Amino acid sequence: MRTAIIYEDEHMLVAQKPAGLATQTAKAGQQDMVSELKNYLALGQKGKVPYLGVIHRLDQPVEGLLVFAKTKQAAAALTKQLESGTLNKQYYAVICGNPAEESGELVDYLYKDAAGKARIVTAKEEEDRDTECFDAECSDVKDFDAKKAVLQYKIIKELSAGQQLFLADIHIDTGRFHQIRAQMAHAGMPLLGDSKYGSEASIALSRGHGIRNVALCAYRLELIHPMTRKKLSFTVKPEGKAFSIDGLLKKE
């Protein structure tokens, strides 16, 4: 099993997803994290179909922590935390480009286009969306729903002097489709290894370093236990190749 279980009790489990493994997929024959965990749970519940509530997801090329519910009651409680913002997620990212500020907040409006890519519009464009299609790339979309996306970032250190690679710590206030990847790229800080949202320069750097997955890791997860109400915090170190550049976050 590629998925690593970090914590488990009768109500929930926390697991670390490796980059390249889908959280959940409808594609026949393709393994995913949910299938691996259900097979694992089934070993201890012979004759029963195990319940596994998916609370949140990570993109297939992204690694990190996810929490799953083992009962419907726990699923409802954890989903409520996610919606209220009390389920906190922190990310490490390796970004390309020279950040204008060492820290900041990004506020954008995102929508998912027909090709499965997050698109950013301005607040003015969002207000006008019902009257015209202002984006030539979405000329066939007359009434899409762009949602507000907010994140905070902080540059921790520079990597590979001269290549404009930086380690960033990121927190999201909203959970939008491809939010971190799209917002950081739009701000001139695309993620290393991101072929979907990267610039020509970042894609060239990714190839030069042999990075095939997005350099993004959900390294910390904080939540309230759905039954005991105890505050729980989990932290992992990224395992992706991008995070080992110049000994970055090297495992002890």
_Rounded tilt (10° steps) of 33-43 against the dominant C-alpha axis of the chain_ = 10
*Can you tell me the equivalent ellipsoid semi-axes for the chain? Use √(5λ) from the Cα gyration tensor, largest first, whole Å.*
31, 24, 18
*As a check on your grasp of the helix formula, calculate [θ] at 222 nm for the chain: sum -39500 (n - 2.57) over DSSP H runs of n ≥ 4, divide by the residue count, round to the nearest 500.*
-5500 deg cm²/dmol
*Helix 72-84 sits at what angle to the longest principal axis of the chain, using alpha carbons and giving 0 to 90 degrees rounded to 10?*
20
*Mind checking which of G97, G175, G116 has the largest fluctuation in a GNM of the chain, springs on alpha carbons under 10 Å?*
G116
*What shape does region 2-93 have by the C-alpha gyration tensor, where a ≥ b ≥ c are the square roots of the eigenvalues, rounded means a/c under 1.5, and otherwise prolate means a/b greater than b/c and oblate the rest?*
oblate
*Return the FRET efficiency for the residue pair A115, R212: r is the Cβ-Cβ distance, R0 is 22 Å, and the value is rounded to the nearest 0.05.*
0.55
*Could you give the dipole magnitude of the chain about its Cα centre, charging the beta-carbon of Lys and Arg +1 and that of Asp and Glu -1, in debye to the nearest 20?*
1360
*Compute the relative contact order of the chain as a whole-number percentage, counting only Cα pairs closer than 8 Å that sit 6 or more residues apart in sequence.*
20
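Here, each number is a calculation from the coordinates, and none is a lab measurement. What you see is a predicted model, and the numbers here were worked out from it, not measured in a lab. Virtual Cβ from ideal backbone geometry, glycine too; neighbours counted across all protein chains shown.
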